[in-house]
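The values are calculated or read from the model by the stated rules, or taken from the named source; none is laboratory data. What you are looking at is a predicted structure, and each value in this text was computed from that prediction instead of being measured. All Cβ positions, glycine included, derive from the backbone under ideal geometry; neighbour counts span all protein chains shown.
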Amino acid sequence: MLYAVRVTSGQEKVVAEMIYNKVKKQPAPIYSISVFDGLRGYIIIESDDPNSIKKVVKGLSHIRGVLDKVVNIKEIEDLIEAAKSPIAKISKGDIVEVISGPFKGERAVVKRLDESKDEITVELVEAAVPIPVTIKVEMVKLFKKSEET
């Protein structure tokens with residue numbers, strides 16, 4: 001079962017690491033600890049026993065409390081979906097619009113994808129000379145899918 005733990009906003013990863021280290025030293029029936037970017041101020045812990053969660057988090061800094069209600073997986077599905085890499089939506093040949101940086105507002109064709117670095121190499125559509133530019137995938141939004149797919 002999944003339980004939500006209230007933590008200080010912005011300290012979710014730090015608290016998750018502290019809980020992990022504590023469980024590693026003193027084994028407890030905690031199966032997973034999840035932190036989602038879209039869920040500020042909470043971490044999700046999987047366990048059969050809410051009391052064991054309360055024992056583990058007792059005394060740790062940045063903990064604001066454990067919610068007694070079980071969290072339904074349907075409630076956090078959107079957060080799990082949002083955690084996927086944005087590069088998964090883009091493929092070679094797609095037309096993207098640059099939404100930040102020096103080329104803001106320009107359209108470009110995707111030439112190469114580097115999933116390990118979350119970077120894409122694009123060529124600006126309206127440039128006089130096609131120069132490949134490597135930018136972070138967060139700096140673009142999909143404008144049009146390629147016709148190949």
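Suppose we filter LYS104, LYS111 for residues that are in contact with a Pro (Cβ under 7 Å, 6 or more places away or on another chain) and either surrounded by 11 or more Cβ atoms within 10 Å (Cβ to Cβ) or at pLDDT 90 or above (or both); which single one remains? Steps first, please.
On the way: LYS104 fails: in contact with a Pro (Cβ under 7 Å, 6 or more places away or on another chain).
Step by step, each of LYS104, LYS111 is checked, and only LYS111 is in contact with a Pro (Cβ under 7 Å, 6 or more places away or on another chain) and either surrounded by 11 or more Cβ atoms within 10 Å (Cβ to Cβ) or at pLDDT 90 or above (or both).
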Handout entry: Residue among GLY41, GLY93 that alone is surrounded by 12 or more Cβ atoms within 10 Å (Cβ to Cβ), within 19 Å of SER9 (Cα to Cα) and of a type in the set (Gly, Ala, Ser)
Key = GLY41
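Rundown of residues vs (1) surrounded by 12 or more Cβ atoms within 10 Å (Cβ to Cβ); (2) closer than 30 Å to LYS25 by Cα, yes/no style:
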position	(1), (2)
GLY65	no, yes
LYS69	no, yes
ILE99	yes, no
GLU115	no, no
THR121	yes, no
ILE131	no, no
Handout entry: Any hit, the stretch 108-115, residues being in contact (Cβ under 8 Å) with a residue 12 or more places away in the chain, farther than 21 Å from ASP37 by Cα and either β-branched (Val, Ile, Thr) or part of a loop (DSSP other than H, G, I, E, B) (or both)
Key = yes
Completion exercise
Going through the stretch 9-44 in order, the residues found to be touching a Ser or Thr at 6+ places or on another chain (Cβ under 7 Å), modelled with pLDDT of 90 or more and under 19 Å from LEU79 (Cβ atoms) are TYR31, GLY41, ILE43, ILE44
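GLY65: outside the structural domain of ILE120 (by TED's automatic domain parsing), closer than 30 Å to SER146 by Cβ and in contact (Cβ under 8 Å) with a residue 40 or more places away in the chain, yes or no?
Values: outside the structural domain of ILE120 (by TED's automatic domain parsing): yes; closer than 30 Å to SER146 by Cβ: no; in contact (Cβ under 8 Å) with a residue 40 or more places away in the chain: yes.
No, not satisfied.
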